[in-house]
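Everything on this sheet refers to the single structure shown next.
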Ligand SMILES: Cc1cc2nc3c(=O)[nH]c(=O)nc-3n(C[C@H](O)[C@H](O)[C@H](O)COP(=O)(O)OP(=O)(O)OC[C@H]3O[C@@H](n4cnc5c(N)ncnc54)[C@H](O)[C@@H]3O)c2cc1C
């Protein structure tokens, strides 16, 4: 078996690498660093629009939706390169909710929202979790009640990441409180954050990443704000999460950090002569990271290929997420050891080294994706039931 990209895909990657070298100006890099890898600043927005205008955001999307008509593999290469370049790419919008809208959205959503996503002019946050609904998402309480030719939404969501600079929340609401099973009474809505009934307050996390509590106070939306079928939201939630899980473990930033640390070890002279990279334990740490990144690449490319076949399996997406998220924590520990004490110093400390302090920050944020997109405990349940055909865990 030979696993490799086509010559055209290799050329695309090369083109993208040069493109991002030019796009990532020192000012944009500084703004992205300040935003703790989240984006949202003016230069970040400008760069996103440029990517849209240059046709990159939808490189793997069908032409009839405004994309370039290549496959999910090219799309994955694009996301890998944009993230490797250090640009906080809004993949939740473009790689997980966007495709859901393209597949299940109504005519207005396809006409108005999808082109804006591909133009880099529309950002979407995910509104699932609530103060009393996380893993047990089907118990969510935010309601959408039918009122004339629209719906009135009331409730609170928790951990609505990026919502403070998004245009919409992809919101899961209870539309049938009497449904035989809780997950059968949920529908999805696109709720504009510009509505006066919408508000949010920040929640700052250990990794300095901001997330939000969001509030929905008598928000009135038209019928066509609903995505997919009435009470058919659960299917959309699960397929969005499969895509999200894969996007969460994109290895672009890790691969770039690995290269930086290898260069660090090659250049650092030891007091007794020789270079840091000559040390056996350093080579061992770097080899572990390299092997893990290569394995993760294969896992992710296989999923990208599965998407080209229209066959993204839930258990495979969960396996990629579990492996990738736990591996990232290990990576930053191993690379931090190579760098030494400097990797414990925050970038806010005077004299902090940019590469070393980036590891410090990434190590603090890496744990987020062990539960973001669904906790790894639950992913293991999914893998055992849907991938290994073992009996479902009792709930
Ligand atoms: C920084 C951050 C960003 C986030 N971003 C978003 C976002 O943008 N949108 C959004 O909707 N949500 C978001 N979340 C929420 C995230 O998806 C939830 O934290 C996650 O689903 C877990 O829910 P919970 O926190 O309520 O934990 P709980 O569900 O209370 O779980 C607590 C622990 O119990 C375990 N557990 C629970 N039930 C079971 C079970 N049946 N079997 C075995 N173990 C179980 C879990 O695995 C976990 O370890 C974010 C969270 C954080 C912290």
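The numbers here are math on the coordinates, done by the rules we state, and not lab data. None of the values given here were measured: they were computed from a predicted structure. All Cβ positions, glycine included, derive from the backbone under ideal geometry; neighbour counts span all protein chains shown.
Fully extending the segment from residue 156 to residue 350, taken as 0.36 nm per residue of separation minus the present Cα-Cα distance, adds 65.8 nm.
Highest mean packing first, where packing is the average number of other Cβ atoms within 10 Å per residue, the peptides 58-71, 201-214 line up as 58-71, 201-214. Using the alpha carbons alone, the radius of gyration of segment 219-333 stands to its Kirkwood radius in an Rg to Rh ratio of 1.22. For the options 263, 243, 84, a Gaussian network treatment of the chain with springs between C-alpha atoms closer than 10 Å singles out 263 as fluctuating the most. Could you state, as a whole-number percent, how many of the C-alpha pairs of segment 7-89 are farther apart than 22 Å? When all Cα pairs of segment 7-89 are counted, 24 percent exceed 22 Å.
Residues of segment 1-22 falling in the label zone of residue 305, defined by backbone nitrogen less than 19 Å from a point 7 Å along Cα to beta-carbon, are 1-13. Normalising the average separation of contacting C-alpha pairs (under 8 angstrom, six or more residues apart) by the number of residues puts the relative contact order of the chain at 13 percent. Here 302, 157 are placed in order of increasing Cβ neighbour count within 10 Å, fewest first, which gives 302, 157.
Extension gain, residue 29 to residue 287: 0.36 nm times the residue separation minus the Cα-Cα distance gives 90.0 nm. Working from Cα positions, state the angle (0 to 90°, nearest 10) between the long axis of helix 72-84 and the longest principal axis of the chain. Here the helix axis deviates by roughly 60 degrees.
If you take the square roots of the eigenvalues of the alpha-carbon gyration tensor of segment 126-231 and sort them as a ≥ b ≥ c, do you get rounded (a/c under 1.5), prolate (a/b over b/c) or oblate? The shape class here is oblate.
Take every Cα pair under 8 Å whose residues are at least 6 apart in sequence, average their separation, divide by the length of segment 92-183, and the relative contact order is 30 percent. Put in order of Cβ neighbour count within 10 Å, fewest first, the listed residues 166, 200, 32 become 200, 32, 166.
Using a simple spin-label model with pseudo-atoms 7 Å out from Cα toward Cβ, residue 64 and residue 50 lie 3.4 nm apart. Largest mean-square fluctuation among 180, 295, 317, in a Gaussian network model of the chain whose springs join Cα atoms under 10 Å apart, belongs to 180. Each of 193, 308, 142 was scored by other Cβ atoms within 10 Å of its Cβ. Arranged with the fewest first, they read 308, 193, 142.
Counting only alpha carbon atoms, the long axis of helix 233-248 and the longest principal axis of the chain meet at about 10°.
The length gained on full extension between residue 217 and residue 375, counted as 0.36 nm times the residue separation minus their Cα-Cα distance, comes to 54.0 nm.
The modelled label-to-label distance between residue 275 and residue 181, using points 7 Å beyond Cα along the C-beta direction, is 5.8 nm. Extending 7 Å from Cα along the Cβ direction at residue 111 and again at residue 194 yields two label points whose distance is 1.8 nm. Debye calculation, C-alpha points only, no solvent: report log10 I(q)/I(0) for the chain at q = 0.06, 0.07, 0.11, 0.14 Å⁻¹, in the same order as the q values. Values returned for q = 0.06, 0.07, 0.11, 0.14 Å⁻¹ are -0.25, -0.33, -0.83, -1.33. Is the C-alpha gyration tensor of segment 178-226 telling us rounded, prolate or oblate? Criteria: a/c under 1.5 is rounded; beyond that, a/b larger than b/c is prolate, otherwise oblate. In terms of gyration-tensor shape, oblate. On C-alpha positions alone, give me the angle between the axis of helix 280-308 and the longest principal axis of the chain, in degrees, nearest 10. It works out to around 30 degrees. Between the alpha-carbon centres of segment 1-38 and segment 78-123 there is a gap of 17 Å. Across all directions, the shadow cast by the convex hull of segment 25-137 built on its C-alpha atoms averages 8.3 square nanometres.
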